[in-house]
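Reading through the structure tokens given below for one structure.
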Amino acid sequence: MAEEILIKLKEAIIEMNKTKTLNFTRSAIKDGIAMKDILRGGLIPGIRTVGDLFNKGEYFLPELMVSGKIMGSALDLLNEAFGTQETSYAGKFLIGTVKGDIHDIGKNIVIMMLKCNGWNVTDLGVDVSPDQFCAAVKDGDYNVLGMSSLLTMTIPSAASTIKALKNAELRDKIKIMIGGAPVTQEYADQIGADAYGKDAWEAVIKAETLVRRIP
């Protein structure tokens, strides 16, 4: 039954059907399906398929935007219900979309996945400058900093942020993870990030690895 609901949820996202998406999300919550499973089994595969269709030229920007808004509404439902599920504390995570980029759907999915797995998350929002990242790291006691970038033209901002953290003598204070459609493991290594997450679930796994220092 749970698998059937999640498949229908995925299909509803792909079809850009808001009513079905919200109804299946509510059904999944009511049936006691874990938040991370709703994300991993339904919402994330759905929005990933939409992205694939966009890349193939079968969907266009309007479809991408509509799907993103529907996804956001489903995430709001999960956020409202999240307090009913108990998780063990994992650590403190600071996250934001880099300077010049105002996209947040991917970042918001990562945030939900982190929260579902016990992370205390502080969201700096979008278009976050290196100085803003530095100020937050300086004032907080975060374990991991996550930077998101959807546009190829904005990924140099992640490198600028790491450089700014080094110049402010803050780099050793925090582990850094980057992610987003144009980001690769090679780029993460190049700019000196500690980890790269190709999707929301991998971001959670990598964050846990960084904190626990598992090889």
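The values are calculated or read from the model by the stated rules, or taken from the named source; none is laboratory data. Just so it is clear, the structure is predicted and the values come from calculations on it, not from any experiment. We place every Cβ from the backbone using ideal geometry, glycine too, and count neighbours over all the protein chains shown.
Pick from the range 140-156 the residues that are of a type outside the set (A, V, I, L, M, F, W, C) and either modelled with pLDDT of 95 or more or farther than 21 Å from Ala207 by Cα (or both): which of them is surrounded by the most Cβ atoms within 10 Å (Cβ to Cβ)?
Restricting to residues being of a type outside the set (A, V, I, L, M, F, W, C) and either modelled with pLDDT of 95 or more or farther than 21 Å from Ala207 by Cα (or both), the top hit is Gly146.
Given the structure, is Val50 in contact with a Ser or Thr (Cβ under 9 Å, 6 or more places away or on another chain), touching a residue at least 40 places away in the same chain (Cβ under 8 Å) and of a type in the set (Val, Ile, Thr)?
no
The rows are residues; the columns are (1) at pLDDT 90 or above; (2) polar (S, T, N, Q); (3) within 19 Å of Ala195 (Cβ to Cβ); (4) not assigned by TED's automatic domain parsing to the domain that holds Leu78.
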position: Gly96; (1), (2), (3), (4): yes, no, yes, yes
position: Asp104; (1), (2), (3), (4): no, no, no, yes
position: Ile109; (1), (2), (3), (4): no, no, yes, yes
position: Gly125; (1), (2), (3), (4): yes, no, no, yes
position: Cys134; (1), (2), (3), (4): yes, no, no, yes
position: Ser160; (1), (2), (3), (4): yes, yes, yes, yes
position: Lys163; (1), (2), (3), (4): yes, no, yes, yes
position: Lys166; (1), (2), (3), (4): yes, no, yes, yes
position: Arg171; (1), (2), (3), (4): yes, no, yes, yes
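Surrounded by 15 or more Cβ atoms within 10 Å (Cβ to Cβ), out of contact with any His (no Cβ under 7 Å at 6 or more places or on another chain), in a helix (DSSP H, G or I) and at pLDDT 80 or above: does that describe Leu9?
Spelling it out, Leu9 is indeed surrounded by 15 or more Cβ atoms within 10 Å (Cβ to Cβ), out of contact with any His (no Cβ under 7 Å at 6 or more places or on another chain), in a helix (DSSP H, G or I) and at pLDDT 80 or above.
Taking the range 183-215 as the search range and keeping residues that are polar (S, T, N, Q) and over 23 Å from Gly41 (Cβ atoms), which one is surrounded by the fewest Cβ atoms within 10 Å (Cβ to Cβ)?
Gln190
Restricting attention to the range 172-182, report how many residues are crowded, with 19+ Cβ neighbours inside 10 Å and basic (Lys, Arg).
Number satisfying all stated conditions: 1.
Which condition number in (1) of a type in the set (A, V, I, L, M); (2) surrounded by fewer than 21 Cβ atoms within 10 Å (Cβ to Cβ); (3) farther than 16 Å from Ala12 by Cβ is the one that Leu114 fails?
Exception for Leu114: condition (2).
Hey, Val121 hits all of (1) closer than 28 Å to Tyr89 by Cβ; (2) touching a Ser or Thr at 6+ places or on another chain (Cβ under 9 Å); (3) not hydroxyl-bearing (Ser, Thr, Tyr) but one; which does it fall short on?
Tallying (1) closer than 28 Å to Tyr89 by Cβ; (2) touching a Ser or Thr at 6+ places or on another chain (Cβ under 9 Å); (3) not hydroxyl-bearing (Ser, Thr, Tyr), Val121 fails exactly one: (2).
Identify, from the list Gly72, Gly57, the residue that is surrounded by fewer than 16 Cβ atoms within 10 Å (Cβ to Cβ) and more than 15 Å from the chain's Cα centre (by Cα).
Gly57
Considering each of Leu39, Leu77 in turn, give the residue that is among the hydrophobic types (A, V, I, L, M, F, W, C), closer than 21 Å to Ala207 by Cβ and touching a residue at least 12 places away in the same chain (Cβ under 8 Å).
Testing whether each residue is among the hydrophobic types (A, V, I, L, M, F, W, C), closer than 21 Å to Ala207 by Cβ and touching a residue at least 12 places away in the same chain (Cβ under 8 Å) leaves just Leu39.
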